[in-house]
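Okay, so here's the structure we're looking at.
The values are calculated or read from the model by the stated rules, or taken from the named source; none is laboratory data. Here the structure is a predicted model, which means the values were calculated and not measured. Cβ atoms come from the backbone with ideal geometry, glycine included; neighbour counts cover every protein chain shown.
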Amino acid sequence: METTPIPQPFPILNLPFVALWNVIRKTRPAHQPSFFPEETQALTTTEDVQKMIDYMGGKQGTEMGSEYFNVFSEYICALYRKDIFAVQINVNTSPPGLTSLLEWMNDRQSVLNSCLISGDCNCNEMIDQFFKKREFSIRQLCLNLKLSPEIKPFNFGILEMEEFFVRIIDVTDPIPNWITVDSVLTSNCIIMYIGASPFTGTDLNRIVKGWINGNNPRMEFFYVVVKQFNMRSLLDGIEFEKRETTVKRIYIPEDKHFKIQRPITKRTIVGGYDIRRNDGTVATFKVLHRPQNQGVLWFVMVVWKKTGDS
């Protein structure tokens, strides 16, 4: 008896967008094609797109959510012929969820434009695993965290990216020891903006001397919030020229069109201490204080391009 061949399912997601939209629009609501498992069909026909994405993000099971989120994301990327532009990760993402995300990103692209990691951080595991398992490079990384007092220094490895921003929410006293001087010395960032650090004047002295001796070769702007310290501990052993307050210079970072809004758009440096790197490059640093924030200082350092005012 002759058997009827079973037709292969048509890969509807491979249709061009206009054709796909026409298929969906002309299908009766009771028979809408579903890109999701049967148990999610009621959700996809009654809830809006944002709730679908929330569901796919793993509320009913991380593994299933990650799988269908990846399929959906791959389709959108293929449709517009673009890579993933930005990723936002909750610091309390489960280890399997984080591993799934990183394995997928490692396989699909070599560079991510912007990444935001945020939330209440009660342990080091997630961020340490992120930096350990990540293989793709990141141009702009922002950490927006509320840190537990028990937090230990994160294992950042080498911070090599264009912009590294850290915002610390609800600062505690003492400030958790979440970052080390070595993390700054071994970094290769253009802009580093670090809020609520455990650094001292002696730590800043090491960072400045490290830059003079060739560390952070791409750095243009370094900003960090620290506890109050004695200026002598910062200036010890550093050759500098103190500039008068009549000297005003402006630093404007290049607009890179990053996804995450950067905390600086322009910085005017009034006076300050000029230092010179071994290759002749000039930088200026100064320490700022605000009367309403007793016990807190802001350290700012700008590296001037050789073609500009030094």
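So in segment 147-156, with the set limited to residues that are at pLDDT 95 or above and surrounded by fewer than 17 Cβ atoms within 10 Å (Cβ to Cβ), which one is farthest from THR265 (Cα to Cα)?
Among those that are at pLDDT 95 or above and surrounded by fewer than 17 Cβ atoms within 10 Å (Cβ to Cβ), it is LYS152.
Failed condition for ILE250, given (1) more than 28 Å from THR200 (Cβ to Cβ); (2) part of a loop (DSSP other than H, G, I, E, B); (3) under 28 Å from the mean Cα position of the chain (by Cα), with all others met?
Checking ILE250 against (1) more than 28 Å from THR200 (Cβ to Cβ); (2) part of a loop (DSSP other than H, G, I, E, B); (3) under 28 Å from the mean Cα position of the chain (by Cα), the one that fails is (2).
Conditions tested, residue by residue: (1) on the phi > 0 side of the Ramachandran plot; (2) buried (at least 16 other Cβ atoms within 10 Å of the Cβ); (3) of a type in the set (S, T, N, Q).
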| site | (1), (2), (3) |
| --- | --- |
| ASP203 | no, yes, no |
| GLY210 | no, yes, no |
| ASN213 | no, no, yes |
| PRO217 | no, no, no |
| ARG232 | no, no, no |
| THR246 | no, no, yes |
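Looking at segment 261-273, can you tell me whether even one residue there is hydrophobic (A, V, I, L, M, F, W, C), touching a residue at least 40 places away in the same chain (Cβ under 8 Å) and surrounded by fewer than 19 Cβ atoms within 10 Å (Cβ to Cβ)?
Taking segment 261-273 first, the residues hydrophobic (A, V, I, L, M, F, W, C) are 264, 269-270.
If we keep only those that are touching a residue at least 40 places away in the same chain (Cβ under 8 Å) as well, we get 264.
Those still in the list that are surrounded by fewer than 19 Cβ atoms within 10 Å (Cβ to Cβ) too: 264.
Taking every residue of segment 261-273 in turn, at least one turns out to be hydrophobic (A, V, I, L, M, F, W, C), touching a residue at least 40 places away in the same chain (Cβ under 8 Å) and surrounded by fewer than 19 Cβ atoms within 10 Å (Cβ to Cβ).
Provide a single number: the residues in segment 127-157 that are in a loop (DSSP other than H, G, I, E, B) and β-branched (Val, Ile, Thr). Spell out the reasoning first.
To start, the set of residues in segment 127-157 that are in a loop (DSSP other than H, G, I, E, B) comprises 134-136, 148-157.
Pick out the ones that are also β-branched (Val, Ile, Thr) and you get 151.
Residues that pass the stated criteria total 1.
Of everything in segment 284-304, what is closer than 14 Å to VAL225 by Cβ, aliphatic (A, V, I, L, M) and surrounded by 15 or more Cβ atoms within 10 Å (Cβ to Cβ)? Give them in sequence order.
Residues satisfying the conditions are VAL287, VAL296, LEU297, VAL300, MET301.
Step by step: first the residues of segment 85-126, then only those that are crowded, with 19+ Cβ neighbours inside 10 Å and assigned to a loop (DSSP other than H, G, I, E, B), then the one that is nearest to the chain's Cα centre (by Cα). Which residue is that?
Residue satisfying both the conditions and the ranking: VAL91.
Would you confirm whether or not segment 127-140 contains a residue that is in the same structural domain as SER197 (by TED's automatic domain parsing), within 16 Å of PRO263 (Cβ to Cβ) and aliphatic (A, V, I, L, M)?
Among the residues of segment 127-140, not one is in the same structural domain as SER197 (by TED's automatic domain parsing), within 16 Å of PRO263 (Cβ to Cβ) and aliphatic (A, V, I, L, M), which makes the answer no.
Confirm whether GLN261 is within 25 Å of GLU162 (Cα to Cα) and either at pLDDT below 95 or in contact with a helix residue (DSSP H, G or I) (Cβ under 7 Å, 6 or more places away or on another chain) (or both). Can you show your working first?
On the way: within 25 Å of GLU162 (Cα to Cα): yes; either at pLDDT below 95 or in contact with a helix residue (DSSP H, G or I) (Cβ under 7 Å, 6 or more places away or on another chain) (or both): yes.
Judged against the criteria, GLN261 is a match.
Among residues belonging to segment 158-188 that are under 12 Å from the mean Cα position of the chain (by Cα) and in a loop (DSSP other than H, G, I, E, B), point out the one that is surrounded by the fewest Cβ atoms within 10 Å (Cβ to Cβ). Give the derivation first.
Taking segment 158-188 first, the residues under 12 Å from the mean Cα position of the chain (by Cα) are 159-167.
This time we only want the ones that are in a loop (DSSP other than H, G, I, E, B), so: 159-162.
On the way: LEU159: 18, GLU160: 13, MET161: 20, GLU162: 20.
Ranking the candidates gives GLU160 first.
List every residue pair whose Cβ atoms lie under 6 Å apart, where the two residues are 6 or more positions apart in sequence or sit on different chains, the first residue falls within segment 139-155 and is farther than 18 Å from ASN188 by Cβ, and the second residue, located anywhere, is among the hydrophobic types (A, V, I, L, M, F, W, C).
As it stands, the answer is LEU145/CYS121; LYS146/ILE169; LEU147/CYS121; LEU147/TRP178; ILE151/TRP178, since those pairs meet every condition given.
Hey, does segment 208-222 have a residue that's polar (S, T, N, Q) and farther than 19 Å from LYS306 by Cβ?
Pass one, segment 208-222, residues polar (S, T, N, Q): 213, 215-216.
Keeping just the survivors that are farther than 19 Å from LYS306 by Cβ gives none.
No, the conditions are met nowhere in segment 208-222.
Could we say that SER73 is hydroxyl-bearing (Ser, Thr, Tyr), out of contact with any Leu (no Cβ under 6 Å at 6 or more places or on another chain) and not assigned by TED's automatic domain parsing to the domain that holds PHE131 here?
Numbers: hydroxyl-bearing (Ser, Thr, Tyr): yes; out of contact with any Leu (no Cβ under 6 Å at 6 or more places or on another chain): yes; not assigned by TED's automatic domain parsing to the domain that holds PHE131: yes.
For SER73, the condition - hydroxyl-bearing (Ser, Thr, Tyr), out of contact with any Leu (no Cβ under 6 Å at 6 or more places or on another chain) and not assigned by TED's automatic domain parsing to the domain that holds PHE131 - is met.
Run SER114 past the list (1) touching a Phe, Trp or Tyr at 6+ places or on another chain (Cβ under 6 Å); (2) among the hydroxyl-bearing types (Ser, Thr, Tyr); (3) modelled with pLDDT of 95 or more and report the number of the one that doesn't hold.
(3)
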